[in-house]
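Here's the structure, in structure tokens; my notes come after.
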Amino acid sequence: MSNRYLSIENVDMTFYAKGTQSQVLKGIDLTVDRGEYISIIGHSGCGKSTLLNIVAGLTESTSGAVILDGKEVNSPGPDRSVVFQNHSLLPWLTVYENVALAVNKTCRTKSKAERHAWIVKNLEMVGMGHALDKRPAEISGGMKQRVGIARALAMEPKVLLLDEPFGALDALTRAHLQEEVMRIQDELGNTVIMITHDVDEAVLLSDRIVMLTNGPSARIGEILDIDLPRPRDRIALADDPRYNHYRQEVLRFLYEKQRKVESLAQRRGAVGEKEKDEKEKAKEKRMAKA
């Protein structure tokens with residue numbers, strides 16, 4: 001039985017600038033269950049981050065609605081915390097102080113001692129308990145992202161939103177953080193929506209993969225259920241035929257189905273231009289005869 005928690009209902013997004021308009025998203029419908037891990041994948045420019053920003057309340061959709069736990073999302077709120085590709089830590093604050101900034105704003109019912117314990121617990125959860133007094137300039141990129149994840153989790157959000165959180169990291173650090181996110185999600189049962197370009201990452205981490213068509217007017221092209229047992233071991237999965245099947249399905253969508261759609265659109269565009277040229281030439285001939 002579905003445990004529908006988050007609902008994205010017929011969301012459109014059109015940007016207007018200097019008398020022109022560009023429709024980025026068209027008719028996005030998606031429901032997410034409590035505790036589900038969803039990855040959104042698609043080619044660059046298809047509107048993945050725009051969709052995430054709409055769920056976060058950072059961008060208002062042109063039409064449609066986002067409903068979280070029975071309430072409409074129309075502005076940012078602590079029930080949705082975001083981890084960006086850029087860690088977004090304040091450089092003049094320590095690791096501890098960066099997390100405390102969020103906790104002090106969202107956990108006001110906790111006593112000072114309780115808030116301190118909660119900050120430390122979340123930093124220890126991501127393996128950063130040893131670096132409480134260090135500033136961002138004194139730690140590595142992977143450590144900064146760990147702090148960003150700790151800060152987001154410390155807000156106790158209903159939905160954790162990850163916008164390519166590992167995209168700027170080296171492969172080894174990326175793998176370590178993927179393991180950490182899987183462990184934390186298994187432990188806490190968070191509802192997670194993640195934007196990614198990485199097919200292997202999407203298959204490894206997700207319960208479902210939402211594949212967007214190419215823009216403009218991107219839609220949900222396919223949704224792939226990932227039926228792999230948890231906890232997941234990336235080394236064991238490398239030889240798992242189901243893992244490789246899911247991987248191939250995503251690749252097929254991104255690099256075969258979308259290429260065909262794009263090629264068809266290009267051909268239609270070329271035919272349209274040809275017809276336009278022929279009409280212009282015919283018009284010029286009529287004017288010359290007149």
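Binned at 5 Å from 0, what are the whole-percent values of the Cα-Cα distance distribution for the stretch 201-246, short to long?
The percentages, shortest bin first, are 5, 20, 28, 17, 11, 10, 6, 2.
Could you point to the label whose value was computed as mean projected area of the Cα convex hull in nm² for the structure here, given (i) 20.2; (ii) 19.1; (iii) 14.9?
From the options (i) 20.2; (ii) 19.1; (iii) 14.9, the structure gives (i).
Can you tell which of Ala171, Ala56, Ala152 shows the greatest fluctuation in a Gaussian network model of the chain with Cα springs below 10 Å?
Result for the chain, Cα springs under 10 Å: Ala171 fluctuates most.
Just going by the charge dipole of the chain, with Lys and Arg at +1 and Asp and Glu at -1 on Cβ, which of Ala218, Ile8, Tyr243 is farthest out on the positive end?
Highest projection toward the positive end goes to Ala218.
Take the cross-link list Lys18/Lys257; Lys48/Lys144; Lys48/Lys121; Lys71/Lys257; Lys105/Lys144; Lys105/Lys134 and give me the ones stretching past 25 Å between alpha-carbons.
As for pairs spanning more than 25 Å Cα to Cα, those are Lys18/Lys257; Lys48/Lys121; Lys71/Lys257.
If you build the convex hull over the alpha carbons only and average its shadow over all orientations, what do you get for the stretch 1-118? Give it in nm² to one decimal.
10.6 nm²
With the convex hull built on the Cα atoms of the stretch 66-200, state its orientation-averaged projected area in nm².
One quarter of the hull surface, i.e. the mean projection, equals 8.8 nm².
What is the distance in Å between the Cα centroid of the stretch 146-184 and that of the stretch 109-129?
17 Å
Does anyone have the angle between helix 258-289 and the longest principal axis of the chain? Alpha-carbon axes, 0 to 90°, nearest 10?
The two axes meet at around 30 degrees.
Only bridges whose two residues both fall in the chain count here: according to DSSP, what percent of them are antiparallel, nearest 5?
Percent antiparallel among DSSP bridges in the chain is about 55.
Tally Lys and Arg at +1 and Asp and Glu at -1 over the other residues with C-beta under 15 Å from the C-beta of Gly189: what net charge comes out?
-3
Rank these for me by crowding, Ser206, Ser49, going from fewest to most other beta carbons within 10 Å.
Ser49, Ser206
Let me know the Rg and Dmax you get for the stretch 116-269 when you use only its Cα atoms, in Å.
Values for the stretch 116-269 (Cα only, Rg and Dmax): 18.1, 61 Å.
Only the coordinates and a few stated rules stand behind these numbers; no lab work does. These figures come from a predicted structure and were not determined experimentally. Virtual Cβ from ideal backbone geometry, glycine too; neighbours counted across all protein chains shown.
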